[in-house]
Amino acid sequence: MTAIKTTFSLPEALFNATENLARSMNLSRSRLIALALEEFIQRENQRLLDSINAAYADDEPDPEEETRLDAMRRIQRELLEGEWDNQLMPSPC
């Protein structure tokens, strides 16, 4: 993995806490910050995925959706019946 150097500012208290934690975990400050960012991004991605899954987890269609589904089923049935009728009828030669 290629490392890219960057510079950013932190509040002094956060910097000191980062220094102390990195020292206690025997990590470099850069490694600790990279680990924290990776975890934050993973959590945010999971939160987004959970939101998407919740939006699609709607088991019961509302009345408008049910009306559309019924119409789609009817049209599909008519199309399929038409295909079967065409296949069963002898073609004029």
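Nothing in this text is a laboratory measurement; each read-out follows from the coordinates by a stated rule. Please read all numbers here as calculations on a predicted model, not as lab measurements. Here the Cβ positions follow ideal geometry from the backbone for every residue, glycine too, while neighbour counts run over all protein chains shown.
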Which whole-Hz couplings ³J(HN,Hα) result when phi for each residue of region 72-78 is put into the Karplus expression 6.51 cos²θ - 1.76 cosθ + 1.60, θ = phi - 60°, listed in order with x for Gly and Pro? 5, 4, 5, 5, 4, 4, 5
Measuring from its Cα centre, the chain shows a charge dipole (+1 at each Lys and Arg Cβ, -1 at each Asp and Glu Cβ) which, in debye to the nearest 20, is 1080 debye
In whole angstrom, and with the biggest value first, how far do the Cα coordinates of the chain range along each principal axis? 86, 38, 22
Find how much the distance from residue 54 to residue 12 grows on full extension, using 0.36 nm per residue of separation minus their present alpha carbon separation; answer in nm with one decimal. 11.2 nm
Total charge dipole magnitude, region 10-57, about the Cα centre, Cβ charges on Lys, Arg, Asp, Glu only, Debye to nearest 20: 120 debye
So what J values fall out for region 3-20 if you push phi through Karplus, 6.51 cos²θ - 1.76 cosθ + 1.60 with θ = phi - 60°, rounded to Hz, Gly and Pro as x? 9, 10, 6, 9, 10, 8, 9, 10, x, 4, 5, 5, 4, 5, 5, 5, 4, 4
Per the helix-only model, the chain has a calculated mean residue ellipticity at 222 nm (DSSP H runs of ≥4, -39500 (n - 2.57) each, divided over all residues, rounded to the nearest 500) of -25000 deg cm²/dmol
Show me, bin by bin at 5 Å from 0, the whole-percent P(r) of region 10-57 based on Cα pairs. 5, 20, 17, 17, 12, 9, 9, 7, 4
As I understand it, the dipole of the chain uses +1 on the Cβ of Lys and Arg and -1 on the Cβ of Asp and Glu, about the Cα centre. Which of 42, 14, 69 lies farthest toward its positive end? 14
